[in-house]
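Below you'll find the structure, written out as structure tokens, and then a few comments.
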Amino acid sequence: MIDRQTVEKIKDAANIVDVVSEFVTLKKSGANYKGLCPFHNEKTPSFYVSPARGTCHCFGCGKGGNAVTFIMEHEQLTYPEALRWLAKKYHIEIHERELTNEEKEEQSKRESMFIVNEWAEKYFENLLHNHPDGQAIGLQYFRSRGFRDDIIKKFNLGYDLPDRFLLGTAAKQKGYKTEFLTATGLCYQTERGELIDRFAGRVVFPWTGVSGKVVGFTARVLDKRTKGVNQKYVNSPDSEVFHKDHELYGIWQAKRAIAKEDRVYMVEGQADVISMHQCGIENVVANSGTALSIHQIHMLHRFTSNITLIYDGDAAGIHAALRGTDMLLSEGMSLRVLLLPGGQDPDEFARNHTAEDFRKYIEEHQEDFIQFKTTLLLKGETDPKKRADGISSIVESISVIQDPILRDTYIHDCSQRIGIAEATLINRMNGFIIRRRGNGATGPASAPSPSERGAGAANDAIAAPSIASSLHEGEGTGAGAPLLRLIIKHGESIIYKNVKDDEGNSHNLTVAQVVAYSLGQDGLNFGSDLYNRILNEAAEKSSDPQWKAEPYFLHHEDINICQLATQLSTDRYHLTEHKEEEPMNKEAKLQQEANRADTLRNQTEHMLLDFRMAYVEKHLKELQAEMSRAGKDLEKIKKLMADYKDMQQIRNALAKRLGNSIIL
């Protein structure tokens with residue numbers, strides 16, 4: 001294992017010309033060097049080495065990078081092996097050590113905890129089905145809740161005997177260590193060293209993670225004992241394998257159905273999940289009383305962007321429906337809410353309805369979240385202050401939505417519903433966006449709003465017809481490549497100065513920040529994780545006046561980013577000889593900086609428009625293909641034609657702006 005300090009020392013010592021010269025005969029060419037590419041056969045030199053940038057690049061085959069990536073490619077070495085090669089060349093001593101026994105043990109600790117949990121699940125399940133008390137007490141309880149035996153087995157439900165010493169004894173007899181029994185929370189240890197079963201005398205609900213491993217348990221005291229019991233439910237404590245706010249009950253059983261249905265139903269408790277499965281609705285999970293976390297949302301987003309919250313219609317259900325919803329909206333989830341009638345929870349409602357009836361009720365009664373919140377907060381409200389607070393709360397929820405078309409639609413609908421001018425709602429929404437950015441929020445919703453940016457050129461550069469999707473990029477190709485090349489070469493360059501926000505504060509905006517905001521406003525991204533990582537890092541770091549994009553990405557610690565940056569920053573451009581600049585006075589230098597900013601601003605505007613145009617053209621072709629496949633489905637054709645017309649209008653607007661753009 002090579003420590004970070006030594007890695008940086010190796011990178012600093014490695015001279016790109018010196019390294020490449022061991023394999024390629026280089027000749028001086030201005031400020032750079034050139035030679036025959038070592039990666040493909042050629043007669044005319046197209047392999048350039050830039051000592052100033054510390055990179056090499058072949059204009060024939062596209063290969064290159066910094067000193068480390070060159071050695072990796074040429075010598076077919078791994079990253080650590082290439083570092084060792086360079087360390088030997090520059091006589092840098094690498095102090096490597098083997099992991100200690102403690103470190104090796106720590107690495108295997110998580111796996112050991114999973115093994116113990118798996119054993120415990122089988123232990124509880126066996127007691128439920130095969131022990132007389134398990135059958136008479138535990139199994140009878142589940143059946144009294146209306147759970148069928150096949151559903152009980154599907155969720156591996158179990159029972160734990162009242163003897164608080166039995167589980168620990170059984171586990172140790174099987175060879176499981178005390179440290180793992182306590183680390184998982186199955187037991188806790190007394191001062192006398194006795195292992196006490198945390199779940200004794202309760203029915204047990206195992207939590208199976210998205211990967212299929214048992215991560216923890218919830219145990220419930222039986223109904224006849226709930227009176228006077230402080231803890232009706234006991235959960236596994238936080239551990240290396242279980243964090244309740246990272247998990248969702250039922251995700252393992254539901255994930256295929258969620259992907260198939262392209263929707264997930266979120267309920268509150270384990271019994272709700274189980275009853276809905278028994279009813280025939282399997283795309284359902286529970287957050288089990290915790291506030292929704294970003295980890296849970298990201299887990300769900302792997303399978304769907306559509307979520308419906310299902311709760312009972314009492315005050316507690318309404319409160320639960322409101323928790324964490326802004327976070328769902330900000331993460332791009334399409335959110336609906338369903339409150340069940342008569343104070344019924346999903347468990348009770350599912351037990352009294354077929355899957356068909358339940359689904360029909362959902363379709364007929366679920367509401368879009370903003371509509372739900374508008375009805376909840378404003379229906380029948382006449383007090384001006386409470387009404388204003390309600391409207392602000394609604395607009396704040398709208399402000400976190402990433403999709404600009406959806407956001408604009410909600411603002412328009414909200415204006416119509418409550419009788420407040422649309423411009424007033426937009427100004428309030430922009431205020432929320434600016435405030436989040438000031439508090440360090442990230443993502444599209446935290447970018448400057450139109451009113452914040454001011455008028456004139458800054459507004460024209462960023463504003464564009466609203467479109468929402470993503471474009472997929474190859475390495476160094478595609479509609480996003482010119483934009484990313486600009487970010488790598490000039491990401492830190494300021495192209496707008498003293499742009500004022502609603503509070504009168506001035507901001508300077510860099511190329512990277514303008515691109516990140518503009519794409520975020522339209523819900524666009526590059527469709528490539530590598531491209532998006534570069535954009536996000538540049539937008540974040542370019543606020544530092546000392547930061548320079550090109551050297552940062554050319555020598556990035558991520559080899560893939562380094563190689564892509566090398567390709568993009570040199571592709572299509574030959575490394576020219578550096579000409580010494582004539583001395584200029586202060587006024588001339590200021591004018592040169594202004595001209596450079598104008599050029600970069602025009603380039604940024606044009607490339608953003610090109611990027612949008614590429615999406616629009618792609619989407620128009622897709623709509624044409626869909627119409628040709630629609631056959632005689634007139635309703636579908638009508639909708640597609642309307643979408644096609646809207647997209648044509650966007651294309652025409654973009655074409656007009658592209659035609660009027662001046663490219664220097």
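The values are calculated or read from the model by the stated rules, or taken from the named source; none is laboratory data. Only a predicted model underlies this, so the values are computations on that prediction, with no experimental measurement involved. Reconstructed Cβ throughout: ideal geometry from the backbone, glycine too, with neighbour counts over all protein chains shown. Ligands, DNA and RNA are stripped out before the accessible areas are found, and what is left, the full protein with its side chains, is counted by its heavy atoms. Shrake-Rupley method; radii C 1.70, N 1.55, O 1.52, S 1.80 Å.
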- Taking segment 45-63 as the search range and keeping residues that are within 25 Å of Gln5 (Cα to Cα) and at pLDDT below 85, which one is most open to solvent (accessible area, probe 1.4 Å)? Ala52
- Query: Does Thr44 qualify as being assigned to a helix (DSSP H, G or I) and either β-branched (Val, Ile, Thr) or over 27 Å from Ile92 (Cα atoms) (or both)?
  - Reply: no
- Query: How many of the residues in segment 161-175 are open to solvent by less than 70 Å² (accessible area, probe 1.4 Å) and either acidic (Asp, Glu) or touching a strand residue (DSSP E or B) at 6+ places or on another chain (Cβ under 6 Å) (or both)?
  - Reply: 2
- Query: So which residues in segment 130-144 are surrounded by fewer than 17 Cβ atoms within 10 Å (Cβ to Cβ) and in a helix (DSSP H, G or I), if there are any at all?
  - Reply: Asn130, Pro132, Asp133, Gln135, Ala136, Gln140, Arg143, Ser144
- Qualifying position, being in contact (Cβ under 8 Å) with a residue 24 or more places away in the chain, open to solvent by 10 Å² or more (accessible area, probe 1.4 Å) and either closer than 30 Å to Ala286 by Cβ or not hydrophobic (A, V, I, L, M, F, W, C) (or both), among Glu179, Glu194: Glu194
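May I ask you to list the residues in segment 369-386 that are of a type in the set (Ser, Thr, Tyr) and in a loop (DSSP other than H, G, I, E, B)? I'd like the intermediate steps shown before the answer.
From segment 369-386, those of a type in the set (Ser, Thr, Tyr) are 374-375, 382; that's our starting set.
The answer is Thr382, and nothing else.
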- Got a number for residues in segment 1-38 being more than 18 Å from Tyr79 (Cβ to Cβ) and in a loop (DSSP other than H, G, I, E, B)? 11
- Task: Give the residues of segment 267-292 that are in contact (Cβ under 8 Å) with a residue 40 or more places away in the chain, farther than 19 Å from Phe217 by Cα and not in a helix (DSSP H, G or I), sorted by residue number.
- Result: Gly280, Ile281
- Item | Residues within segment 352-368 that are open to solvent by 20 Å² or more (accessible area, probe 1.4 Å), under 12 Å from Ile310 (Cβ atoms) and part of a helix (DSSP H, G or I), tallied | 3
- Item | Complete set of residues in segment 540-569 that are among the β-branched types (Val, Ile, Thr) and out of contact with any Asp or Glu (no Cβ under 9 Å at 6 or more places or on another chain) | Ile559, Thr566
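Can you pull out every residue in segment 537-557 that is under 19 Å from the mean Cα position of the chain (by Cα) and either at pLDDT below 85 or over 27 Å from Pro80 (Cβ atoms) (or both)?
Ala538, Ala539, Glu540
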- Task: Check Arg533 against each of (1) farther than 22 Å from Met613 by Cβ; (2) buried (at least 19 other Cβ atoms within 10 Å of the Cβ); (3) not acidic (Asp, Glu) and name the one condition it does not meet.
- Result: (2)
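Suppose we filter Asn498, Asn508 for residues that are at pLDDT below 85, in contact with a strand residue (DSSP E or B) (Cβ under 9 Å, 6 or more places away or on another chain), open to solvent by 10 Å² or more (accessible area, probe 1.4 Å) and over 30 Å from Asp12 (Cα atoms); which single one remains? Spell out the reasoning first.
Details: Asn508 fails: at pLDDT below 85.
Going through Asn498, Asn508 in turn, the sole match is Asn498.
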- Item | Options Val210, Val204: the member that is at pLDDT 95 or above and either touching a helix residue (DSSP H, G or I) at 6+ places or on another chain (Cβ under 8 Å) or not in a loop (DSSP other than H, G, I, E, B) (or both) | Val204
- Query: Residues of segment 400-436 being touching a residue at least 24 places away in the same chain (Cβ under 8 Å) and outside any helix (DSSP H, G or I), which ones?
  - Reply: Val400, Ile401, Gln402, Asp403, Ile420
- Note on the structure: Considering residues that are open to solvent by 70 Å² or more (accessible area, probe 1.4 Å), at pLDDT below 75 and closer than 30 Å to Phe180 by Cα, the number found within segment 68-115 is 8
- Task: Report the residue count in segment 305-350 for those that are open to solvent by 30 Å² or more (accessible area, probe 1.4 Å), modelled with pLDDT of 90 or more and more than 30 Å from Phe432 (Cβ to Cβ).
- Result: 1
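Quick one: in segment 145-157, which of the residues that are in contact (Cβ under 8 Å) with a residue 40 or more places away in the chain and over 35 Å from the mean Cα position of the chain (by Cα) is most open to solvent (accessible area, probe 1.4 Å)?
Taking segment 145-157 as the starting set, the residues that turn out to be in contact (Cβ under 8 Å) with a residue 40 or more places away in the chain are 145-148, 151, 154-157.
Next cut, over 35 Å from the mean Cα position of the chain (by Cα) only: 145-148.
Details: Arg145: 48, Gly146: 32, Phe147: 9, Arg148: 107 Å².
Going through the qualifying residues, I end up with Arg148.
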